[in-house]
Amino acid sequence: MGDVVWDGVIVDVTEHHRDKEAVQRQVEFLAALNQTTLDLLGRRNVSELLQALVERVAILLNAPHAEISLLEGDELACARFPKKKGRDYLAGDRVEAGEPALSWRAMETRLPVVTDR
């Protein structure tokens with residue numbers, strides 16, 4: 001009988017694929033950020049600007065909800081929230097300092113607040 005000769009190389013490409021996916025996500029994020037910048041440069045109405053920002057943030061973070069709240073004295077006033085079924089939720093709502101709200105946690109820590117609910 002003859003000898004079996006095998007010559008070859010096995011290469012694990014898992015890490016390469018993960019790196020490629022990470023680069024693709026980064027490219028998509030930067031493209032969305034660039035488009036956001038271009039969209040916002042043409043806006044003059046503050047209300048429209050805030051609405052566009054919060055909607056784009058929700059998309060970029062793949063989040064069902066995002067909000068922009070403005071600090072007015074010792075209250076946070078919800079300025080914009082992604083639209084659902086053609087209307088703004090929470091727009092105009094106010095939360096006083098000390099009330100349990102994720103918005104205040106973000107203000108106090110200066111960090112984004114993310115929940116899994």
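In what sequence do 10, 68, 59 fall when counting other Cβ within 10 Å, fewest first?
On the way: 10 4, 68 17, 59 13.
So the residues, fewest neighbours to most, are 10, 59, 68.
Return 47, 69, 103 ranked ascending by Cβ neighbour count within 10 Å, so the fewest neighbours appear first.
Numbers: 47 11, 69 21, 103 18.
The order, fewest Cβ neighbours first, is 47, 103, 69.
Note down the nm distance, to one decimal, between modelled labels 7 Å out along Cα→Cβ at residue 38 and at residue 116.
3.7
Bear in mind that the values in this text are calculations on the coordinates, not laboratory data. Since this is a predicted model, take the numbers as computed values, not measurements. So basically every Cβ, Gly included, is an ideal-geometry build from the backbone, and we count neighbours across all protein chains shown.
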